[in-house]
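Participant: To start, I am sharing the structure in question, which I have written as structure tokens.
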Amino acid sequence: MNKENIDQLVDVQYCKTEKCPVRNLQFSFFQMVYVISGSGFLEINDNKVTYNKGSLIMLTPNDQHYFDISEMSEFLFVKFSEHYVREYNWKSINCIECLLYHASHLSGCVLKNKPDEFLVKSIVDSLLHNMKHNDLYQEDLTLHYVNALIVIAARNISKMRPVNATVNSDKRMLAIIGHIQTHIYDPQQLKASVISQKFGLSETYLGSYFKNQCGETIQNYVYNFKMRLIEHRLMFSDMRINEIVSEFGFADESHLNKFFKKRHKISLTEFRKSKQRVMEGV
């Protein structure tokens, strides 16, 4: 397994190629790929989907992928670290990182809102122009463009139906999912009493409503979403265990370990060591 890292918060690269140089590549960062021209297939996490001109693809740190190029393709690769997403002061998106990680459930282009296609192309054209004409404050300008792409991707991902949702999922269900993802670090906001009051449902009905819409209980959804983020922290960050405890609102390390062992049957430290050995090919 090939592992790629970046030594900066944000990196933008242009590439024109007939053949993907690397197969089964895994990142330690997020990456957006915009297809400027060409077509082919993206193989991601054992799934195969098509890509075409205008596709915007989101890749998360745990994705394994490569491009199977059918015709000469031009790509703009926008790479940014998990730390950048988490620390940037987003004005109205409290948990943009959660939304981006949700892309690991998705395949192919994340652009589902038609008007955003024009916006994304304009931003990509501006990034390409900025790369060709080095001028004063170029880095700051690039960051503004990249931030706009991140917000547009997050907006489109947030409107997508959850993985297990039925075809009848309604807007209130998607709003509840959005609330959970936004407040995943705040246990108080994840209580059934808080969610039911916020969305005008009784606590009793909330449980059956959520399961009918998503195919799993609300407790399972919260558990699985939180677990996936914790797994990412252990695998792709250098955060200490006590920092993860604090971030996700656990009482102490023992409480977090008990939560984690329900699924993995090993401690957080053991999990991190085992994954590091795998990634290092030991």
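The values are calculated or read from the model by the stated rules, or taken from the named source; none is laboratory data. What you see is a predicted model, and the numbers here were worked out from it, not measured in a lab. Cβ sites come from the backbone with ideal geometry, for glycine too, and all protein chains shown count toward neighbours.
Participant: Taking region 178-217 only, how many residues are free of Cβ contacts under 8 Å to residues at least 40 places away in the same chain and either assigned to a loop (DSSP other than H, G, I, E, B) or among the aliphatic types (A, V, I, L, M) (or both)?
Facilitator: Total satisfying the criteria: 11.
Participant: Within region 1-44, which residues are part of a loop (DSSP other than H, G, I, E, B), of a type outside the set (A, V, I, L, M, F, W, C) and modelled with pLDDT of 70 or more? Reasoning before the result, please.
Facilitator: Residues of region 1-44 that are part of a loop (DSSP other than H, G, I, E, B), as a first pass: 1, 5-9, 18-24, 28-29.
Filter again for of a type outside the set (A, V, I, L, M, F, W, C), leaving 5, 7-8, 18-19, 21, 23-24, 28.
Matches in region 1-44: 5, 7, 8, 18, 19, 28.
Participant: Same structure again: Do you know which residues across region 44-68 are farther than 16 Å from residue 232 by Cβ and either surrounded by fewer than 18 Cβ atoms within 10 Å (Cβ to Cβ) or among the aromatic types (Phe, Trp, Tyr) (or both)? First the steps, then the outcome.
Facilitator: Initial filter on region 44-68 (farther than 16 Å from residue 232 by Cβ): 44, 46-57, 65-68.
Across region 44-68, the qualifying residues are 46, 47, 48, 49, 50, 51, 52, 53, 54, 66, 67, 68.
Participant: Say whether the condition of being part of a helix (DSSP H, G or I) and of a type in the set (Phe, Trp, Tyr) is met by at least one residue in region 247-264. Steps first, please.
Facilitator: First, the residues of region 247-264 that are part of a helix (DSSP H, G or I): 247, 253-264.
Then keep just the ones that are of a type in the set (Phe, Trp, Tyr); that gives 259-260.
Yes, region 247-264 contains at least one residue that is part of a helix (DSSP H, G or I) and of a type in the set (Phe, Trp, Tyr).
Participant: What is the number of the single condition among (1) surrounded by fewer than 12 Cβ atoms within 10 Å (Cβ to Cβ); (2) within 24 Å of the chain's Cα centre (by Cα) that residue 132 does not meet?
Facilitator: (2)
Participant: Could you tell me whether residue 104 is closer than 27 Å to residue 54 by Cβ, outside any helix (DSSP H, G or I) and at pLDDT below 85?
Facilitator: Details: closer than 27 Å to residue 54 by Cβ: yes; outside any helix (DSSP H, G or I): no; at pLDDT below 85: yes.
Here the answer is no, as residue 104 does not meet what is asked.
Participant: A follow-up question, please. Give the residues of region 127-155 that are of a type outside the set (Asp, Glu) and not in a helix (DSSP H, G or I), sorted by residue number. Steps first, please.
Facilitator: Start the filter on region 127-155 by keeping residues that are of a type outside the set (Asp, Glu), which leaves 127-134, 136-138, 141-155.
Scanning region 127-155 gives 133, 134, 136, 137.
Participant: Looking only at region 228-240, which residues are crowded, with 16+ Cβ neighbours inside 10 Å and either at pLDDT 85 or above or part of a helix (DSSP H, G or I) (or both)?
Facilitator: Correct list: 228, 229, 230, 231, 232, 233, 234, 235, 236.
Participant: Those residues that are at pLDDT 65 or above, assigned to a loop (DSSP other than H, G, I, E, B) and either surrounded by 21 or more Cβ atoms within 10 Å (Cβ to Cβ) or small (Gly, Ala, Ser) (or both), I need them from region 72-101; list them, please.
Facilitator: 81
Participant: Out of the residues in region 156-173 that are surrounded by fewer than 17 Cβ atoms within 10 Å (Cβ to Cβ) and part of a helix (DSSP H, G or I), which is modelled with the lowest pLDDT?
Facilitator: My answer is 171.
Participant: Within region 248-282, how many residues turn out to be of a type in the set (S, T, N, Q), surrounded by 14 or more Cβ atoms within 10 Å (Cβ to Cβ) and modelled with pLDDT under 85?
Facilitator: Final tally of qualifying residues: 0.
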